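The values are calculated or read from the model by the stated rules, or taken from the named source; none is laboratory data. From a predicted model like this one, the values you see are computed outputs, not experimental measurements. We place every Cβ from the backbone using ideal geometry, glycine too, and count neighbours over all the protein chains shown.
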């Protein structure tokens, strides 16, 4: 088989609308709305249970969100598998440790990218749990149900993100401008 | 069976996210720098279609809403904190696994960080529950409930507003 060139991306309106139909179908079939961040709580509980199960079972938050595999856990796993399959089938799978826009700003240092990704992930998840949802649970599922909590959180996500992205990557998209020379 | 539905729904969503390229770091940061609105186009399309579909199901008695309470302390502070972390990571909880799926190995560091963030939150939960999470607790309110208007009027306004916003984005070439 000769190597094929990567497929062109799908139109975001059509893909987004199909995702909306998928969500409606999911609500109809299984009564489940999309969400992702609770899964990280359950996974953290599972990891901690290996070390000290007794302590985990006594913690209020792990009583609320028990460390078990549920619909959402497999939904999150499925997102990864679906993406892998689509990437392979469309020839867009590409191993990359430092994203292009990050490299333009900070260079190709993997350690820096991994460190910032780790810190960013920890901060984002703490925030998502405090807000009781992430861009899936609040942003999509919350706002499409016209939940005020969804709109407020979604505005918060973008407000925090706009400010931090500007600080980290600069107003010109590459950074550097306005910070000395 | 419920678990299988979760897996199948996730696979379908993962395919759509990957093929529309909305899981890429460059696109997520591009949106936050207001330079690339691909994820806004995707999310808004999902929300508008989902809004009409879900409320149709609810009105026909075929589904129930699953609302999260409005707690201003949690939603506002948590939302802002999430945004700060999101801009550093460039992926969100739902899309990090998908980014890893298409070979972006830095997402793995982000996922490890998310596990830590969840663990830290679990430690802080009792204290937060007694403080921040009591500030401005309005319960499970919807926009039509708050405004006292028919939900289809709000949906119509959102669809009209969403289409106008998307037209504006297209005209700007973002």
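Tabulated results
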quantity: Count - residues of the stretch B:80-114 that are over 23 Å from residue A:23 (Cα atoms) and either within 14 Å of the chain's Cα centre (by Cα) or touching a residue at least 12 places away in the same chain (Cβ under 8 Å) (or both); calculated: 15
quantity: Options A:129, A:105; residue that is out of contact with any strand residue (DSSP E or B) (no Cβ under 7 Å at 6 or more places or on another chain), under 30 Å from residue B:140 (Cα atoms) and touching a residue at least 60 places away in the same chain (Cβ under 8 Å); calculated: A:129
quantity: Filtered residue count, the stretch B:2-19, keeping only those that are over 13 Å from residue A:22 (Cβ atoms) and touching a residue at least 12 places away in the same chain (Cβ under 8 Å); calculated: 1
quantity: Residue in the stretch B:120-139 that is within 25 Å of residue A:51 (Cα to Cα), under 20 Å from the mean Cα position of the chain (by Cα) and buried (at least 18 other Cβ atoms within 10 Å of the Cβ) present; calculated: yes
quantity: Which listed residue, of A:68, A:64, A:4, is in contact (Cβ under 8 Å) with a residue 40 or more places away in the chain, at negative phi and more than 7 Å from chain B (Cβ to nearest Cβ); calculated: A:4
quantity: Failed item, numbered, when residue A:74 is tested on (1) within 24 Å of residue B:19 (Cβ to Cβ); (2) surrounded by fewer than 18 Cβ atoms within 10 Å (Cβ to Cβ); calculated: (2)
quantity: Counted residues, the stretch B:27-42 - those being within 7 Å of chain A (Cβ to nearest Cβ) and in contact (Cβ under 8 Å) with a residue 12 or more places away in the chain; calculated: 6
quantity: Every residue from the stretch A:10-46 that is outside any helix (DSSP H, G or I) and closer than 30 Å to residue B:37 by Cβ; calculated: A:10, A:11, A:32, A:33, A:34, A:35, A:36
quantity: The one condition in (1) assigned to a helix (DSSP H, G or I); (2) surrounded by fewer than 17 Cβ atoms within 10 Å (Cβ to Cβ) that residue A:108 fails to fulfil; calculated: (1)
quantity: Single unsatisfied condition, residue B:22 versus (1) assigned to a loop (DSSP other than H, G, I, E, B); (2) crowded, with 24+ Cβ neighbours inside 10 Å; (3) more than 7 Å from chain A (Cβ to nearest Cβ); calculated: (3)
quantity: Helices (runs of 4 or more DSSP H) contained in the stretch B:75-174 and holding at least 2 residues more than 7 Å from every other protein chain (Cβ to nearest Cβ), at pLDDT below 95 and within 23 Å of residue A:143 (Cα to Cα); calculated: none
quantity: Residue among A:126, A:102 that is within 14 Å of the chain's Cα centre (by Cα), within 7 Å of another protein chain (Cβ to nearest Cβ) and either surrounded by 21 or more Cβ atoms within 10 Å (Cβ to Cβ) or in a helix (DSSP H, G or I) (or both); calculated: A:126
